[in-house]
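Trainee: Encoded as structure tokens, here's the structure I'll be asking about.
The values are calculated or read from the model by the stated rules, or taken from the named source; none is laboratory data. Note that this is a predicted model, so its numbers are computed, not measured. Quick reminder, even Gly has a Cβ in these numbers, built from the backbone with ideal geometry, and neighbours come from all protein chains shown.
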Ligand SMILES: Nc1ncnc2c1ncn2[C@@H]1O[C@H](COP(=O)(O)OP(=O)(O)O)[C@@H](O)[C@H]1O
Ligand SMILES: [Mg+2]
């Protein structure tokens, strides 16, 4: 069907932004269980790189508090949540930003879809923390509630989490500090986002 949408041809290209920012643009998509450390690591990375890099954080709980508050946690709504975020991340990337996306993104099919939406410069970052460790941390008390049957479709409890079948970088967080884990991602960015 004809939708009468004609995208504007903006004069500034992604490359113009990249030259101005003096670093590559890209999307770093952090996948991992609830409590694995996605938000804590994104927080530290953004703070460390604040002066030298243009960084945007799109975080699960922020997005679900506003933009995507109409969505639930069924597989279908999680997929739609991630699709919208991938579209937003692409827009920021096209304006030369490094976009840190921290979303559980539990299924390989969903990770594949967001990679396809972003197309170029997509980096899957697996924040690898075992369910037992996440449950021990339980920073938001959600595992306790989920075990008590108070949260339906909770990832790792009654909703699946697949090990990523392809990621650009894996960060194992067990027995490490947030700082040390964040530094692994910072090193990756410093190496791969040079121009
Ligand atoms: N090495 C580590 N990396 C990240 N978080 C860690 C680490 N060790 C302990 N933690 C703790 O684990 C919790 C991770 O929570 P959070 O960042 O909110 O996870 P997520 O965003 O993945 O749900 C925090 O309480 C954090 O202090
Ligand atoms: Mg989080």
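Trainee: Quickly run through region 35-48 and pick out the residues that are touching a strand residue (DSSP E or B) at 6+ places or on another chain (Cβ under 6 Å) and either touching a residue at least 60 places away in the same chain (Cβ under 8 Å) or within 24 Å of residue 145 (Cβ to Cβ) (or both).
Mentor: 36, 37, 38, 39, 42
Trainee: Let me ask something additional. Out of curiosity, is residue 80 modelled with pLDDT of 95 or more, in a helix (DSSP H, G or I) and touching a helix residue (DSSP H, G or I) at 6+ places or on another chain (Cβ under 9 Å)?
Mentor: For residue 80, the condition - modelled with pLDDT of 95 or more, in a helix (DSSP H, G or I) and touching a helix residue (DSSP H, G or I) at 6+ places or on another chain (Cβ under 9 Å) - is not met.
Trainee: Can you say whether residue 47 is more than 15 Å from residue 95 (Cβ to Cβ), surrounded by fewer than 19 Cβ atoms within 10 Å (Cβ to Cβ) and over 16 Å from the mean Cα position of the chain (by Cα), as far as the supplied structure shows?
Mentor: Criteria met by residue 47.
Trainee: Out of curiosity, is residue 106 under 23 Å from residue 74 (Cβ atoms), buried (at least 19 other Cβ atoms within 10 Å of the Cβ) and either away from ligand 1 (no atom under 14 Å from the Cβ) or modelled with pLDDT of 95 or more (or both)?
Mentor: Answer is yes for this residue.
Trainee: Can you tell me which residue among 152, 160, 164 is over 20 Å from residue 55 (Cβ atoms), more than 16 Å from ligand 2 (Cβ to nearest atom) and touching a strand residue (DSSP E or B) at 6+ places or on another chain (Cβ under 7 Å)?
Mentor: On the way: 152 fails: touching a strand residue (DSSP E or B) at 6+ places or on another chain (Cβ under 7 Å); 160 fails: touching a strand residue (DSSP E or B) at 6+ places or on another chain (Cβ under 7 Å).
Only one candidate qualifies: 164.
Trainee: Still on this structure, I have one more. Among the residues of region 58-70, write down those that are in contact with a strand residue (DSSP E or B) (Cβ under 7 Å, 6 or more places away or on another chain) and either away from ligand 1 (no atom under 11 Å from the Cβ) or assigned to a loop (DSSP other than H, G, I, E, B) (or both).
Mentor: Looking only at region 58-70, we keep the residues that are in contact with a strand residue (DSSP E or B) (Cβ under 7 Å, 6 or more places away or on another chain), and these are 58-60.
Within region 58-70, just 58 meets the criteria.
Trainee: In region 131-149, is there at least one residue being closer than 25 Å to residue 85 by Cα and touching a strand residue (DSSP E or B) at 6+ places or on another chain (Cβ under 7 Å)?
Mentor: Among the residues of region 131-149, not one is closer than 25 Å to residue 85 by Cα and touching a strand residue (DSSP E or B) at 6+ places or on another chain (Cβ under 7 Å), which makes the answer no.
Trainee: Looking at the structure I just gave you, is residue 15 surrounded by fewer than 21 Cβ atoms within 10 Å (Cβ to Cβ), more than 16 Å from ligand 1 (Cβ to nearest atom) and assigned to a loop (DSSP other than H, G, I, E, B)?
Mentor: Answer is no for this residue.
Trainee: Checking the structure you have, find out if any residue of region 25-37 is surrounded by fewer than 16 Cβ atoms within 10 Å (Cβ to Cβ) and modelled with pLDDT of 95 or more.
Mentor: First pass over region 25-37, keeping only residues surrounded by fewer than 16 Cβ atoms within 10 Å (Cβ to Cβ): none.
Within region 25-37 (the criterion being surrounded by fewer than 16 Cβ atoms within 10 Å (Cβ to Cβ) and modelled with pLDDT of 95 or more), the answer is no, since none of the residues qualifies.
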